[in-house]
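No value in this document is a laboratory result; all are computed from the given coordinates. This one's a predicted model, so the numbers in the text were calculated from it and none came from an experiment. Here the Cβ positions follow ideal geometry from the backbone for every residue, glycine too, while neighbour counts run over all protein chains shown.
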């Protein structure tokens, strides 16, 4: 494959579906070798096979990003297979039950903070040393529009996503002079499996949801993926520590 990332290696967590899958395919389109990390082998291997069938190079690594040993292994397997790590999209996330603050259980708080925030820290903890060995790199963390505003339906999720932005900005400052650029994307309402599940349960929800998104439609995973790849590319060489909305105007109103 020809492209601006030939000879580079990209790691995508949660790369087996939705925004992660679209990003893995987008990195491959630019010529990067791609490591897809996820918990489910069948879907992860399917994405890797799609890349290989298109003439690219990809592999799947089983990873639960809330487990330090598995994250460390994920990065080690990437470097063992391809010799380097240039780009990482820390996209995977999971959480507990949301709700009103006074009713949220401690177990659910811990699951959400671990699944959406600690996981990003763990990924960067092991990705950054690998990039330092290369001499440069780029990381994009997946936050949310709910990391930049209040989200009354799930305050814990919002707290975790705000945390991702704070972590991103602080890490970006720490490693900017080491030639590792760290940024975040903040998607709005995107056509992902969780969103489709919401609409399957309540088809009438679409109208209310899109009142908040001035573009008047759901975003496509591929639209977020293009932002991720651009942030990792040399075209974004001066972009450091941003939390980029990819939201159809959601945060404008």
- prompt: Sorted by average packing, counted as other Cβ atoms within 10 angstrom per residue and highest first, what order do 243-251, 214-222, 98-106 take?
  reply: 243-251, 214-222, 98-106
query: Most exposed first by the Cβ proxy, i.e. fewest other Cβ within 10 Å, how do 168, 66, 192 rank?
result: 66, 192, 168
- prompt: Roughly how large, in nm² to one decimal, is the mean projection of the convex hull of the alpha-carbon atoms in the chain?
  reply: 13.3
field: Percent RCO, i.e. relative contact order, over segment 147-253, from Cα pairs under 8 Å lying at least 6 residues apart
entry: 34
- request: Relative to the longest principal axis of the C-alpha atoms of the chain, give the angle of the C-alpha long axis of helix 155-175, reported between 0 and 90° and rounded to the nearest 10°.
  value: 30
- line: To the nearest 0.05, the calculated FRET efficiency linking residue 4 and residue 238 through their beta-carbon distance, R0 being 25 Å, is 0.95
- prompt: In what sequence, highest mean first, do 82-90, 136-144 appear when ranked by Cβ atoms within 10 angstrom?
  reply: 136-144, 82-90
message: What is the angle, in °, between the Cα long axis of helix 41-53 and the longest principal axis of the Cα atoms in the chain? Nearest 10 is fine, range 0 to 90.
response: 50
query: Cα convex hull of segment 133-215: how many Å³ per residue?
result: 126
- prompt: Any idea what the relative contact order of the chain is, in percent, if you count C-alpha pairs under 8 Å spaced at least 6 apart?
  reply: 18
field: For segment 96-130 and segment 161-230, distance of Cα centres in Å
entry: 17
- request: Show me 128-134, 148-154, 115-121 ranked by packing, highest mean number of other Cβ atoms within 10 Å first.
  value: 115-121, 128-134, 148-154
field: Acute angle (nearest 10 degrees) that the helix 68-82 long axis makes with the longest principal axis of the chain, alpha-carbon atoms
entry: 40
